[in-house]
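Report on the structure given below.
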């Protein structure tokens, strides 16, 4: 797997309200009601998280949730669509419910959620024991409208990059007394073009392979979600959440490879690939919630069922300079099922504001991946039984947790948590009749201590022990051809990666924050490369050896022009000690690596009092992670503006993404057998036009949380 070091961003602005009263001995007037409304700062920093408040931001126009996630402070997304925060791997939650998607699947799903639905994104760098996470947590909180009647919005977007893409969405929300119904439907028609260049250098024979490739794809993705909630009485609520996501894609690629010895070309090949596929996901969550506001007691009970079906057929045509032609077809039809029950309970302890949270979850997963391998013989596709395979992954993960929060002397806040997880999993494959079963349990402690020296100075210390487990696809040993003529496979012997992380965070005047972190791991798994029967194969592999990571981040949020201009600036520097890791794995890699990251968000509201809003985001990041080193810095930028028409509730937007420099990566991966360089250009660039029509009362209801959760973040939404 690949680990990225990223920028930490944050902050909170501050509003001060004063009220002047006058007394008149002759005549008095009674003011019946005074309502003061303060706009939240764009960035809020709390003890364990940074909150990106986007509910009323113009940054939403013309974007999807995936686009806004890219712009979120502390967040970085690499070329494999892996999401990290402050150098830590990330688990994504939506409305405090763990997403079943990861990697590219998560990207495609979040692209179906319009940014207009977003209320905030919480980047939780020190999550409590409540969360099922081995690193940081990103909690995507969607808007909740509960004013009476029907309200909603319609969005239309058009993006022009190398090719043209369209996106449309409709949101409806109905609330009547004790019943709330929300519905969202979208359709995404996206055409993409990505290019890449690879250099694979092998130490054994000093050979070099150069590969140029281009990938074209067309995606058609409808989706919908439905949320029904019933207020049974003042303390009891029940509801049902349903989600459906579908995608149909057609992709093709062309690659040219050249093989050199001593700088002299020996042979070459051309590779074409055409694939069609589809993906269907149906998720459900039946919940019951008891909330006693007077006693601040909360009970959440959740039952869930998720089902995913993926189908893909890919034809690979490989022609070598020797005249040998290989024509293969690979078909797959995955079926993934997940069932779970989850219970959470919290209540105050004593009269001093102490808080106790306890809970647990039982999760069952059954994933089947049958793959068929066919050879073209005289125009007829013939099955190869030696390569056709059925892979199955089964697991049962049970967990229990407890968090206790206590405040001393009104200045010292503490939270201690302990989580226990036990997993039993089985991996099977038909070829070779291989079956492996493993089980283990782990105690995962965490600690948070915050001391407020005054209203303007506070210091937070955190510790977390975590365990990152392989995703089920990383176990699958089936050999899959890539677009450029190389191959990839999973590893049935992968082991989990433990990690220790210690952090300090200093807050000054509620406007400046400095954080330092130290983390270390005695083993990890990264992508490595192997040569087998003349094929270059990429495979996740366990590496022993200690890796130490030291980092410091600084950020601030400033407002100007009577709070109309909001600017957030983030700077990060990290130092990685790989010396022990490189020595134990015989890797010719720098022993000491320095990473830099910087980003800024800015927004200007109601320009010239004409309901015109401007916003932008810029990011500069190193590309070093794991055993892969960046050969250049990566620069991202996005900026745009919107014009709103309050009477008609229409909003028009124009946004530019990476128009001055196309995004991409330039990295070299170091392994015991050689170095593997990759240069690629991504498709996130161009110009987007957006149209939004809203109707009804768009007032947003804030999430209800306990006092502890409001201060340090707990996660009930």
Item to check | Model label zone, residue 561; criterion: amide N under 19 Å from point 7 Å along Cα-to-beta-carbon; scope segment 576-617 | outcome: 600-617
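So what is the 222 nm mean residue ellipticity for the chain from helices alone, if each DSSP H run of at least 4 adds -39500 (n - 2.57) and you divide by all residues, rounding to the nearest 500 deg cm²/dmol?
Helix-only estimate at 222 nm: -1000 deg cm²/dmol.
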Checklist outcome for this item: Per the rule of 0.36 nm per residue minus the C-alpha distance, extending residue 673 to residue 471 adds in nm 70.2 nm
Checklist entry - How far apart, in nm, are the 7 Å Cα→Cβ label points at residue 158 and residue 456? => result 5.4 nm
Item to check | Contour excess over end-to-end distance, with Cα ends at residue 552 and residue 278 and 0.36 nm allotted per residue | outcome: 94.3 nm
Checklist outcome for this item: Of segment 240-276, those with amide N under 12 Å from the point 7 Å along the Cα→Cβ vector of residue 206 are 261-264
Item to check | Packing-based exposure ordering (other Cβ within 10 Å, fewest first) of 604, 685 | outcome: 604, 685
Checklist entry - Given a Förster radius of 51 Å and the C-beta distance between residue 618 and residue 231 as r, what FRET efficiency does 1/(1 + (r/R0)^6) yield to the nearest 0.05? => result 0.70
Item to check | Pairwise FRET efficiency - residue 606 versus residue 440, Cβ, R0 = 41 Å, nearest 0.05 | outcome: 0.15
Checklist entry - How far is the Cα center of segment 451-511 from the Cα center of segment 254-273, in Å? => result 37 Å
Checklist entry - Zone of residue 506 (label point 7 Å along Cα→Cβ, backbone N under 16 Å): which residues in segment 558-572? => result 571-572
Checklist outcome for this item: Simple spin-label estimate for residue 307/residue 463, 7 Å along Cα→Cβ, in nm, reads 4.7 nm
Next on the checklist: Can you give me the distance in nm between label points at residue 390 and residue 150, each placed 7 Å from the Cα along the Cα-to-Cβ direction?
Outcome noted: 4.9 nm
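Percent relative contact order of the chain, based on C-alpha pairs within less than 8 angstrom and at least six residues apart?
After rounding, I find 13 percent.
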Checklist outcome for this item: Residue span residue 592 to residue 542: 0.36 nm per residue of separation minus Cα-Cα distance leaves a gain in nm of 15.9 nm
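Read-outs throughout are calculated quantities, based only on the coordinates presented, and are distinct from any laboratory measurement. If you're wondering where the values come from, they're calculated on a predicted model, not measured in any experiment. Positions of Cβ are backbone-derived with ideal geometry, glycine not excepted, and every protein chain shown enters the neighbour counts.
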